Amino acid sequence: MEKDNKELNNIESSNEEVKAPEVKRTFIKQEETDKPYWYAVYTYSGYENKVMDKLLMTMENSPELQDLILDVKVPMEETIEIKNNKRKHVQRKMFPGYVMVKMLLTDETWYRVRNTHGVTGFVGPGSRPIPLTDVEVRTIGLENVHVELEVEVGNNVEITSGPLEGFVGVVTEINQEKEKVKVMVSMFGRDTEVELDFVQVKRI
């Protein structure tokens, strides 16, 4: 019984606060970027907002980092939850366990983000963070970045997101200014033209 109580106390104390060991400055030297990119950062489960708040505070209180770490976000999406036969719109995390950070990659920014309480690492091989692509940034909703679409009228494309995900169609019109594309898709035995964002299609 005494042993069980000790184990229970250990579990309770470990659940109170998860502490990430500080990463020493013996890491692979980062290749500095010439402009800021968005990076995905791993966090402990449930620590996403805490990590975001801590990084925003770091940005505010560290003038030397304000031009290097530019933004921090936890991507959210709206979903409908049904409880007691009532529909309720709720916000939920798109990627539990991740925080997105826009920054110029340097040894210092890597170190400061990596050693933020609750962070377990960057997405990327080894110690080298890999930036998100423009399509990923746009799709996630982090930023309305310009996206190049390498297709022409008449090309076959696959729809990659939305209600028609997985459908294949033919490009009928491209609007570069609005970054919209019209695609003729065959549904229920008839051709239907749909308008999509650039980030919703890929050439096949």
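The values are calculated or read from the model by the stated rules, or taken from the named source; none is laboratory data. None of the values given here were measured: they were computed from a predicted structure. Cβ placement follows ideal geometry from the backbone for every residue including glycine, while neighbour counts extend to all protein chains displayed.
Summary table below
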| read-out | value |
| --- | --- |
| Among residues of the stretch 46-74, those that are part of a loop (DSSP other than H, G, I, E, B) and under 21 Å from Gly141 (Cβ atoms), counted | 1 |
| Residue check, Leu65 more than 19 Å from the chain's Cα centre (by Cα), crowded, with 17+ Cβ neighbours inside 10 Å and either more than 30 Å from Lys178 (Cα to Cα) or touching a residue at least 40 places away in the same chain (Cβ under 8 Å) (or both) | yes |
| Top-ranked residue of the stretch 177-196 - restricted to ones that are closer than 24 Å to Leu142 by Cβ and without any contact (Cβ under 8 Å) to a residue 24 or more places away in the chain, ranked as surrounded by the fewest Cβ atoms within 10 Å (Cβ to Cβ) | Glu177 |
| Members of the stretch 166-190 that are at pLDDT 90 or above and in a loop (DSSP other than H, G, I, E, B) | Gly166, Phe167 |
| Qualifying residue in the stretch 132-147 (condition: surrounded by 17 or more Cβ atoms within 10 Å (Cβ to Cβ), under 18 Å from Glu32 (Cα atoms) and touching a strand residue (DSSP E or B) at 6+ places or on another chain (Cβ under 9 Å)) | yes |
| Any hit, the stretch 29-36, residues being of a type outside the set (Ser, Thr, Tyr) and modelled with pLDDT of 90 or more | yes |
| Some residue of the stretch 115-122 being within 30 Å of Glu179 (Cβ to Cβ), surrounded by 14 or more Cβ atoms within 10 Å (Cβ to Cβ) and not assigned by TED's automatic domain parsing to the domain that holds Leu196 | yes |
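Results for (1) closer than 27 Å to Asp71 by Cα; (2) in the same structural domain as Met100 (by TED's automatic domain parsing), shown as yes or no for each residue.
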| residue | (1), (2) |
| --- | --- |
| Thr133 | yes, yes |
| Glu136 | yes, yes |
| Glu150 | no, no |
| Ser161 | yes, no |
| Gly169 | no, no |
| Gln176 | no, no |
| Met187 | no, no |
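So that you can scan it fast, the table gives a plain yes or no per residue for (1) small (Gly, Ala, Ser); (2) part of a helix (DSSP H, G or I); (3) under 30 Å from Leu196 (Cβ atoms):
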| site | (1), (2), (3) |
| --- | --- |
| Ile80 | no, no, yes |
| His89 | no, no, yes |
| Gly121 | yes, no, no |
| Pro125 | no, no, no |
| Arg138 | no, yes, yes |
| Leu142 | no, no, yes |
| Leu149 | no, no, yes |
| Gly162 | yes, no, yes |
